[in-house]
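Before any comments, here is the structure.
The values are calculated or read from the model by the stated rules, or taken from the named source; none is laboratory data. Bear in mind the structure is a predicted one, so any value in this text is a computation, not a measurement. Don't worry about glycine lacking a Cβ; one is built from the backbone with ideal geometry, like all the others, and counts go over all protein chains shown. Note: areas computed on protein heavy atoms with side chains; ligands, DNA, RNA excluded. Shrake-Rupley method; radii C 1.70, N 1.55, O 1.52, S 1.80 Å.
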Amino acid sequence: MSIEDKSRQLVPFVLNPIQIDMDETSSGRDIYVKPAQVGFSSDVILDFLIDCVTIPGTTSVIISYDEFITGRLLRKAHAFYDILSERIPSLDKLVHRSTYEMTFEKLRSSFYISSSRSFTGVRGEAIHNLLLDEFAFWQPGDAIRVLGAAMQRVPLIPSTRVKIGSTPNGEDNEFYETYHAAKEGKQIGTSVFKAHFYPWYIHPEYSLPYTNS
């Protein structure tokens with residue numbers, strides 16, 4: 001896979017330390033506090049997309065906090081699919097490609113990307129992969145409404161995944177409460193989520209080598 005870097009060059013998609021840890025420590029129900037611009041959504045989008053084009057009947061859903069970010073995430077998913085289809089001619093073909101949905105022909109899989117304000121469910125389908133992106137910035141009413149509605153559509157089986165991720169945004173929001181419930185309560189059965197915390201300095205692009213000069 002290739003990805004566009006911050007200098008707008010198409011480069012090999014080499015996982016950074018945060019992305020590697022995300023993949024290696026995922027429990028299937030995970031909540032992440034992370035720095036900005038570390039490739040969190042890119043890793044999740046590609047992961048969900050690969051499920052859609054390899055596992056029949058997969059429904060993947062990403063919900064972000066506003067329409068602008070939703071559009072950016074969808075363009076990234078389209079770019080990943082286009083690169084994959086060029087390199088793997090036998091890849092399942094898209095039969096529908098709209099402003100919020102990608103549907104695949106033979107595998108009957110779908111990839112939806114929506115904003116929290118416009119999310120109304122996915123036609124009654126089960127959701128196999130779910131990401132709530134930048135959850136700390138959602139409006140309180142949207143956070144409670146969407147989290148409850150979306151979680152009800154995720155079957156309680158090992159192959160399904162729910163990820164909640166965000167950069168910090170203070171304490172007065174649903175993300176803060178959900179993260180601390182996971183951090184303090186998973187081991188005693190009061191939360192289904194596993195808490196992950198990534199400080200900014202573990203991302204290679206955010207640190208400089210130490211010198212004596």
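Below are the figures for this structure:
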| item | result |
| --- | --- |
| Within the chain, helix-based [θ] at 222 nm, where runs of 4 or more DSSP H residues each add -39,500 (n - 2.57), nearest 500 | -10500 deg cm²/dmol |
| Pairs of lysine residues in the chain - Cα separation under 30 Å, sequence separation of 8 or more or cross-chain | 21 |
| Cβ crowding within 10 Å averaged over residues, with 4-13, 145-154, 91-100 ranked highest first | 145-154, 91-100, 4-13 |
| Proximal charge balance of E174 [Cβ under 13 Å; K/R count +1, D/E count -1] | -4 |
| Accessible area in square angstrom per residue, the chain, 1.4 angstrom probe | 54 |
| Gyration tensor (Cα) of the stretch 87-213, equivalent ellipsoid semi-axes in angstrom | 30, 24, 16 |
| Ratio of the Cα radius of gyration of the chain to 2.2 N^0.38 Å, where N counts its residues | 1.03 |
| Cα-Cα separations in the stretch 32-129 greater than 16 Å, expressed as whole percent | 54 |
| DSSP beta bridges in the chain [antiparallel fraction, %, rounded to 5] | 25 |
| Among beta bridges that DSSP assigns inside the stretch 52-155, antiparallel share in %, nearest 5 | 40 |
| Carbon/sulfur fraction of accessible area - the stretch 1-136, other protein chains in place, 1.4 Å, % | 54 |
| Binned Cα-Cα distance frequencies in the stretch 4-79 - 5 Å width, integer % | 3, 12, 22, 27, 22, 12, 2, 0 |
